[in-house]
1. Condition first: without any contact (Cβ under 8 Å) to a residue 60 or more places away in the chain and basic (K, R). Now tell me which residues in the range 100-116 satisfy that.
2. Inspect the range 19-37 for any residue being in contact (Cβ under 8 Å) with a residue 40 or more places away in the chain, open to solvent by 60 Å² or more (accessible area, probe 1.4 Å), touching a Gly at 6+ places or on another chain (Cβ under 7 Å) and under 16 Å from H87 (Cβ atoms) and give the result as yes or no.
3. Taking into account only those residues within the range 41-66 that are β-branched (V, I, T) and touching a residue at least 24 places away in the same chain (Cβ under 8 Å), which is farthest from T23 (Cα to Cα)?
4. Looking only at the range 148-200, count every residue that is over 13 Å from the mean Cα position of the chain (by Cα) and among the β-branched types (V, I, T) and tell me the total.
5. Only one of D93, D89 is open to solvent by 20 Å² or more (accessible area, probe 1.4 Å), among the acidic types (D, E), within 30 Å of F119 (Cα to Cα) and within 19 Å of the chain's Cα centre (by Cα). Can you tell me which?
6. List the residue pairs whose Cβ atoms are under 9 Å apart, where the first residue sits in the range 67-88 and is without any contact (Cβ under 8 Å) to a residue 60 or more places away in the chain and more than 13 Å from L135 (Cα to Cα), the second is in a loop (DSSP other than H, G, I, E, B) and of a type in the set (D, E, K, R), and the two are 6 or more positions apart or on different chains.
7. Looking at (1) of a type in the set (V, I, T); (2) open to solvent by 50 Å² or more (accessible area, probe 1.4 Å); (3) modelled with pLDDT under 90, can you tell me which one V197 breaks?
8. Among the numbered criteria (1) surrounded by fewer than 17 Cβ atoms within 10 Å (Cβ to Cβ); (2) of a type in the set (K, R); (3) within 20 Å of R43 (Cβ to Cβ); (4) in contact (Cβ under 8 Å) with a residue 12 or more places away in the chain, which one does R185 miss?
Amino acid sequence: MSDQRPRVLPALAGLGLAIQFLTRIPLPVMIDWNGANRRWAARCYPLVGLLIGVLLAVAAALTSALPTPIQTLVLLTLWVALSGGLHLDGVMDLADALGSNAPLERRWQIMKDPQVGSFGVLALVFLLAWKAVLLWWWLTTDGALLWLVVVPALARASAVALLIGVPAARPEGLAHSWQQGLGWRDLTLALVPLLVVVSAGLLLAPGGTNVAGLVGLLLASGGFTWVFARGMIRAFHGINGDMLGSAIEGGELWLLMCVSSWWWFATG
């Protein structure tokens with residue numbers, strides 16, 4: 001028993017820390033910001049994504065009688081509310097910095113500026129518009145709820161991969177703090193909940209099409225992560241917290257596009 005306590009407690013604390021950091025779900029406990037809890041929190045990123053996906057799937061089932069446009073708006077509102085718009089703030093900051101075409105140091109200054117510029121506003125509007133349209137399209141094809149669960153989880157797994165595979169652009173900030181002590185073993189542990197959900201989905205709806213779709217989604221997520229990482233290294237020589245938030249939002253949009261397209265072709 002005594003040998004298991006140091007493993008169990010940091011895991012539970014890490015899950016709580018990940019929920020507090022990535023969502024606005026109330027969790028009235030104080031969790032220490034230490035190395036063990038931080039590593040487990042990073043491992044729990046996809047698990048938090050699964051939680052968000054389950055809540056979205058439940059909401060989709062409960063609102064199925066609503067007109068599709070209203071159901072789409074309800075789901076999109078819930079999706080944004082669950083994260084508190086934290087990742088969208090990163091999208092706007094990154095868009096303003098990239099849109100400026102300024103030298104590197106000036107781009108960093110723009111990213112830290114609390115004011116939102118025109119590029120940030122445009123990025124927010126188009127991202128939410130595309131997300132709404134793709135959700136609407138997916139709902140009209142009666143897409144399986146499993147996909148809505150997997151998309152947020154995979155997007156947050158991409159953030160873990162970025163933390164491990166891409167250096168922090170500067171030796172400061174949240175991204176640098178999260179990276180301390182992380183390795184590829186942590187990404188493997190982070191993917192375990194996804195494997196459980198995939199297995200459960202295949203048991204409930206067996207068939208080669210599902211296997212092909214899920215494998216394709218994993219490959220699509222990996223491809224997006226690689227392209228995003230190359231882009232951030234080229235533009236900023238590394239990543240920071242705003243870029244991780246942008247990767248989550250962009251990853252969700254990309255995977256939602258893949259899911260909607262694949263489901264439409266598979267059922268059409």
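1. R106, K112
2. yes
3. Among those residues, the one meeting the criterion is V54.
4. 7
5. On the way: D93 fails: open to solvent by 20 Å² or more (accessible area, probe 1.4 Å).
Being open to solvent by 20 Å² or more (accessible area, probe 1.4 Å), among the acidic types (D, E), within 30 Å of F119 (Cα to Cα) and within 19 Å of the chain's Cα centre (by Cα) holds for just one of D93, D89, which is D89.
6. A81/R24; L82/R24; G85/R24
7. V197 satisfies all of (1) of a type in the set (V, I, T); (2) open to solvent by 50 Å² or more (accessible area, probe 1.4 Å); (3) modelled with pLDDT under 90 except (2).
8. If we test R185 against (1) surrounded by fewer than 17 Cβ atoms within 10 Å (Cβ to Cβ); (2) of a type in the set (K, R); (3) within 20 Å of R43 (Cβ to Cβ); (4) in contact (Cβ under 8 Å) with a residue 12 or more places away in the chain, just (4) comes out false.
The values are calculated or read from the model by the stated rules, or taken from the named source; none is laboratory data. What you are looking at is a predicted structure, and each value in this text was computed from that prediction instead of being measured. All Cβ positions, glycine included, derive from the backbone under ideal geometry; neighbour counts span all protein chains shown. Side chains are part of the model used for accessible areas, which takes the heavy atoms of the whole protein and leaves out ligands, DNA and RNA. Shrake-Rupley method; radii C 1.70, N 1.55, O 1.52, S 1.80 Å.
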